[in-house]
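Single-structure report; data block below.
The values are calculated or read from the model by the stated rules, or taken from the named source; none is laboratory data. Remember, it's a predicted structure, so these values are computed and weren't measured experimentally. Neighbour counts are summed over all protein chains in view; Cβ atoms, including those assigned to glycine, are modelled from backbone coordinates with ideal geometry.
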Amino acid sequence: MTQAKSPGLCNERLSLAQYANHFADAHPPLNAIQAKIEAERCYYCYDAPCTIACPTGIDIPSFIAKIAQGNLRGAAKTILEENIMGGMCARVCPTEVLCEQACVRNTNQEKPVEIGLLQRHATDAHMANPGSALFTRANKTGKKIAVVGAGPAGLSCAHRLALLGHEVDVFDKNSKAGGLNEYGLATYKTTNHFAQKEIEWLLSIGGITLHLNQALGQDFSLESLTQTYDAVFLGIGLAGVNQLSLHTGPVTGLQNAVDFIASLRQANHVKEVVVGNQVVVIGGGMTAVDAAVQAKKLGASEVTIVYRKGPDNMSASVEEQKWARLNDVRLQFYASPVRVLSEQETVVAIEFSKSVVVQGQVTAQTETLTLAADMVLTAVGQKLQVEDVNGLALQDGKIQCDDNGKTAYAKIWVGGDCRLGGKDLTVEAVQHGKLAAIDIDKALNALS
Ligand SMILES: Cc1cc2nc3c(=O)[nH]c(=O)nc-3n(C[C@H](O)[C@H](O)[C@H](O)COP(=O)(O)OP(=O)(O)OC[C@H]3O[C@@H](n4cnc5c(N)ncnc54)[C@H](O)[C@@H]3O)c2cc1C
Ligand code: SF4
């Protein structure tokens, strides 16, 4: 076993068999018989509420009917023509608050149709054996579009633009494409390098060139892009993290949760990732839950999520809170972090003040709470790196645009987490990219 600096922090806490078990697919795929039975539960509603609830508007009854008929290629086409990342969304969409919540079977007090798993069944079958191309590009338009950010928003935009006959250059500051599909989503939601396999398939349409390790604001500017390209799409996500000042100076064991999750996704094997024995995660969202559950799965003996408000205020859904508890993560509410306590520049505990929430405002009380900890992960939100988008109008820290992502600048569209007014979900980023591409195409056609 490799010991890290603090005795509480170490990797290789578990056997290989335990790691394999803990990091296996959280929602294993359906087999052919299960898929057929599940597909036959669908009422094939007219004006289906599930389709309305899906941010990408997939014709859900239609793809489910195709699965029931054994036409998996047709089902995949129905899904992917609306949502080119239908494979990833099938794995990570919070279906309990989207399509499955709206399922008529659900509202009749039954179990909803497992739309996410059926979507995965069809798209996985296609990816495993694509055969001839599902989509054919339109004739070349001679137009060139720059997409900045190779996350779900940028790649979805690039694919639709390529389909419409445009040439697309995609720039990303990272060394791998995928954005949070590659660096952020929980390991047990997307196993076996699915993000890269999906990107490889998506790029097979042609007409898209990836330029990795290229950062807006560093290697090129918005101005240079607008001069060189016919249009520009920004899907740069929220690349900054909110910080809490909990300790003066560096201290081993204090880390932000996004980096911790990225280290899990990028490790050759999860056994390499260092984790504490007593882990405290600060925050109330999906990132806090994913960090906490993965810390537990790495072998931490105690993991506590501490949130300054109550369970109803958490942005992590009820299902996610259940998932945390199911994985032995403790949830502590109404406590605001004050400071990290350290010995020899290593975390030993964290102090909180008890809080009350009055009309949505958190007020710290005099009573305190101290939790022993050798690792503290902060998950208190991400933010736009505003210096990257100098000149664009912002509101609430995000870029202003119309419903199609068009900004006040003639050639610039935006989408995904960096755009004002979203829910910060993968599926929504895909939809933003698609809508912007359609609008860019319309604008370019109007010019020619
Ligand atoms: C830990 C975590 C877990 C999540 N889990 C889920 C989940 O289970 N389900 C779900 O639906 N959503 C989940 N989300 C939210 C989801 O990942 C995002 O909503 C989605 O990835 C947004 O897509 P995007 O394309 O807008 O941004 P991103 O995925 O962030 O991609 C942005 C891309 O832009 C690049 N970029 C940034 N700045 C620059 C620059 N200056 N120059 C060049 N490139 C740049 C980045 O490198 C990145 O590749 C999670 C988010 C986090 C943080
Ligand atoms: S993309 Fe997501 S919300 Fe839409 S149907 Fe598929 S699983 Fe449901």
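Tabulated data for the structure shown
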{"read-out": "When residues of region 255-266 are limited to those that are within 19 Å of Lys383 (Cβ to Cβ) and surrounded by 17 or more Cβ atoms within 10 Å (Cβ to Cβ), the one farthest from ligand 1 (Cβ to nearest atom)", "value": "Gln255"}
{"read-out": "From the options Lys406, Lys398, Lys383, residue that is more than 11 Å from ligand 1 (Cβ to nearest atom), surrounded by 12 or more Cβ atoms within 10 Å (Cβ to Cβ) and within 13 Å of Ile236 (Cα to Cα)", "value": "Lys383"}
{"read-out": "Some residue of region 132-143 being in contact with a His (Cβ under 7 Å, 6 or more places away or on another chain) and among the charged types (D, E, K, R)", "value": "yes"}
{"read-out": "Residues of region 227-268 satisfying the condition of being in a helix (DSSP H, G or I) and aliphatic (A, V, I, L, M)", "value": "Ala257, Val258, Ile261, Ala262, Leu264"}
{"read-out": "Top-ranked residue in region 156-185 [being part of a helix (DSSP H, G or I) and hydroxyl-bearing (Ser, Thr, Tyr); ranked as farthest from Lys442 (Cα to Cα)]", "value": "Tyr183"}
{"read-out": "Among the residues listed as Gly240, Gly217, Gly310, Gly235, the single one being under 30 Å from Lys442 (Cβ atoms) and modelled with pLDDT under 95", "value": "Gly217"}
{"read-out": "Residue selected from region 84-136 under the condition within 16 Å of ligand 1 (Cβ to nearest atom) and among the basic types (Lys, Arg), by the criterion surrounded by the fewest Cβ atoms within 10 Å (Cβ to Cβ)", "value": "Arg120"}
{"read-out": "Any chance Ile84 is within 23 Å of the chain's Cα centre (by Cα) and either within 14 Å of His121 (Cβ to Cβ) or in contact (Cβ under 8 Å) with a residue 40 or more places away in the chain (or both)", "value": "yes"}
{"read-out": "Region 53-66 residues that are under 13 Å from Gly116 (Cβ atoms) and among the small types (Gly, Ala, Ser), paired with ones that are more than 7 Å from ligand 2 (Cβ to nearest atom) and not in a helix (DSSP H, G or I) (beta carbon under 9 Å, 6 or more apart)", "value": "Ala53/Cys103"}
{"read-out": "Whichever residue in region 320-340 is exposed (fewer than 15 other Cβ atoms within 10 Å of the Cβ) and under 23 Å from Cys93 (Cβ atoms) and, among such residues, is nearest to the chain's Cα centre (by Cα)", "value": "Lys322"}
{"read-out": "Residue ranges of helices (runs of 4 or more DSSP H) in region 79-150 with at least 1 members within 9 Å of ligand 2 (Cβ to nearest atom)", "value": "86-92, 99-102, 115-128"}
{"read-out": "Looking only at region 198-226, and only at residues there that are part of a helix (DSSP H, G or I) and surrounded by fewer than 14 Cβ atoms within 10 Å (Cβ to Cβ), the one that is nearest to the chain's Cα centre (by Cα)", "value": "Glu200"}
{"read-out": "Residue list for region 329-364, restricted to those being in contact with a Lys or Arg (Cβ under 7 Å, 6 or more places away or on another chain), modelled with pLDDT under 95 and of a type outside the set (S, T, N, Q)", "value": "Val357, Val362"}
{"read-out": "Per-region count, region 315-328, residues of a type outside the set (Ser, Thr, Tyr), at pLDDT below 95 and in a loop (DSSP other than H, G, I, E, B)", "value": "1"}
{"read-out": "Conditions (1) away from ligand 2 (no atom under 16 Å from the Cβ); (2) among the hydroxyl-bearing types (Ser, Thr, Tyr); (3) buried (at least 19 other Cβ atoms within 10 Å of the Cβ): number failed by Ser448", "value": "(3)"}
{"read-out": "Subset of region 40-68 [over 13 Å from Ile79 (Cβ atoms) and outside any loop (DSSP other than H, G, I, E, B)]", "value": "Pro49, Ile52, Ala53, Ala68"}
{"read-out": "Subset tally (residues that are without any contact (Cβ under 8 Å) to a residue 24 or more places away in the chain and either in contact with a strand residue (DSSP E or B) (Cβ under 9 Å, 6 or more places away or on another chain) or part of a loop (DSSP other than H, G, I, E, B) (or both)) for region 27-39", "value": "2"}
{"read-out": "Which listed residue, of Gly283, Gly240, Gly249, Gly299, is at positive phi and surrounded by fewer than 17 Cβ atoms within 10 Å (Cβ to Cβ)", "value": "Gly249"}
{"read-out": "Odd one out for Ala239 among (1) free of Cβ contacts under 8 Å to residues at least 60 places away in the same chain; (2) more than 21 Å from Glu302 (Cβ to Cβ)", "value": "(1)"}
{"read-out": "Some residue of region 19-26 being out of contact with any strand residue (DSSP E or B) (no Cβ under 9 Å at 6 or more places or on another chain), part of a helix (DSSP H, G or I) and aromatic (Phe, Trp, Tyr)", "value": "yes"}
{"read-out": "Residue selected from region 385-412 under the condition touching a Cys at 6+ places or on another chain (Cβ under 7 Å) and not charged (D, E, K, R), by the criterion nearest to Pro94 (Cα to Cα)", "value": "Ile399"}
